[in-house]
Amino acid sequence: QQIVENRVGGAVLFAGNIYESAVLLNELQGISKLPLIVSADFERGVSFRIEDTTSFPWTMAIGATGSEEFAYQEGAITAREARALGVHWIYAPVVDVNNNPDNPVINIRSFGEDPQLVARLGAAFIRGARNNGVMTTAKHFPGHGDTATDSHIGLAVIPSDRQRLDEVELVPFRRAIEAGVDS
């Protein structure tokens, strides 16, 4: 109804299996006068939301390897599976620096606590994803790895001054921009 009556321009895929997701997106594209932009939260690969797809370890496991090639391949495989489903824009990678052990939400979703490592691997993931046909999102926001609040249920406050933001928190986001991240 929203597509037909209000001409929305996109949809977000949240969960399901391969078949029902592909069928749903094909149906939505079929009733839209213009192509819809479809996005999904695939921060740990398509399997983060869609069953029966390639299952990757949490991002911190990729970080533990230090391998740009592994991060690139995760981005590439995620992109190919996303495009096969009809998804154009992924909410990945997580480039928050995991530097607060009391953080209840970032933790193993980050490449690690070293801003340079997070920057390198985040950029490699972005290159892999973009080279294989999807738009990317650097998540979540500079400093989120240093909060003690779950931002899903409360307002996270970043207690850092500008110098710390420049030296730590912004490093991966700047590198993501250099790598061509879309948002």
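The values are calculated or read from the model by the stated rules, or taken from the named source; none is laboratory data. Being a predicted model, the structure only gives us computed values, none of them experimental. FYI the Cβ positions are ideal-geometry reconstructions off the backbone, even for glycines, and counts take in every protein chain you see. Remember, those area values only see protein heavy atoms, side chains included, never the ligands or the DNA or RNA. Shrake-Rupley method; radii C 1.70, N 1.55, O 1.52, S 1.80 Å.
For the stretch 21-163, the residue among Val94, Gly145, Val23 whose Cα projects farthest onto the positive side of the dipole built from Cβ charges is Val23. Note on exposure: Ile31, Ile153, Ile50 ranked by accessible area (1.4 Å probe, complete protein assembly) read Ile153, Ile31, Ile50, with the most exposed listed first.
Taken as Cα centroids, the stretch 149-177 and the stretch 1-45 sit 31 Å apart, rounded to the nearest whole angstrom.
3J(HN,Hα) along the stretch 50-59, derived from phi through the Karplus expression 6.51 cos²θ - 1.76 cosθ + 1.60 where θ = phi - 60°, amounts to 10, 5, 6, 10, 4, 9, 9, x, 4, 3 Hz, with x in place of Gly and Pro. For the chain, the per residue solvent-accessible surface stands at 50 Å², with DNA, RNA and ligands left out and a 1.4 Å probe. Mind giving me the FRET efficiency for Asp150 and Leu24? R0 is 25 Å, r the Cβ-Cβ distance, nearest 0.05 is fine. So the FRET efficiency works out to roughly 0.25. What residues from the stretch 145-166 fall in the zone where the backbone N is under 19 Å from a label point 7 Å along the Cα-to-C-beta line of Glu178? Answer for this model: 163-166. With respect to the chain, whose longest principal axis is taken over its alpha-carbon atoms, helix 115-130 is tilted by about 20°. Close amide H contacts of Gly10 (hydrogens built in the peptide plane, cut-off under 5 Å, sequence separation of 5 or more or a different chain): Ile37.
Backbone phi angles across the stretch 22-33, fed through the Karplus curve with coefficients 6.51, -1.76 and 1.60 (θ = phi - 60°), yield HN-Hα couplings of 5, 4, 4, 5, 5, 5, 4, 4, x, 9, 8, 5 Hz in residue order; Gly and Pro are listed as x. The simple spin-label model puts a point 7 Å past each Cα toward its Cβ; for Ser160 and Glu51 those points are separated by 4.0 nm. Restriction of the chymotrypsin sites (Phe, Trp or Tyr not before Pro) in the stretch 1-84 to DSSP coil positions whose beta-carbon has at most 12 other beta-carbons within 10 angstrom yields Phe14. Here the Karplus curve 6.51 cos²θ - 1.76 cosθ + 1.60, taken at θ = phi - 60°, turns the phi angles of the stretch 162-177 into couplings of 4, 4, 5, 4, 5, 7, 10, 5, 7, 3, x, 6, 5, 5, 4, 5 Hz, with x standing for Gly and Pro. Normalised by the number of residues in the chain, the mean separation of alpha-carbon contacts (under 8 Å, six or more apart) gives a relative contact order of 21 percent.
In this structure, the amide hydrogen of Ser110, modeled 1.01 Å from its nitrogen in the peptide plane, lies closer than 5 angstrom to those of Met60, counting only residues at least 5 positions away or on a different chain.
Each listed q (0.08, 0.10, 0.13, 0.16 Å⁻¹) maps to a log10 I(q)/I(0) for the chain from the Debye sum over equal C-alpha point scatterers, namely -0.26, -0.41, -0.66, -0.93. Taken about its Cα centre, the chain carries a charge dipole of about 540 debye when Lys and Arg each add +1 at the Cβ and Asp and Glu each add -1 at the Cβ. For the chain, the longest principal axis of the alpha carbon atoms and the long axis of helix 68-85 meet at an angle near 20°. For Glu51, the residues 5 or more places off, or on other chains, whose built amide H falls under 5 Å of its own are Gly16, Asn17, Ile18.
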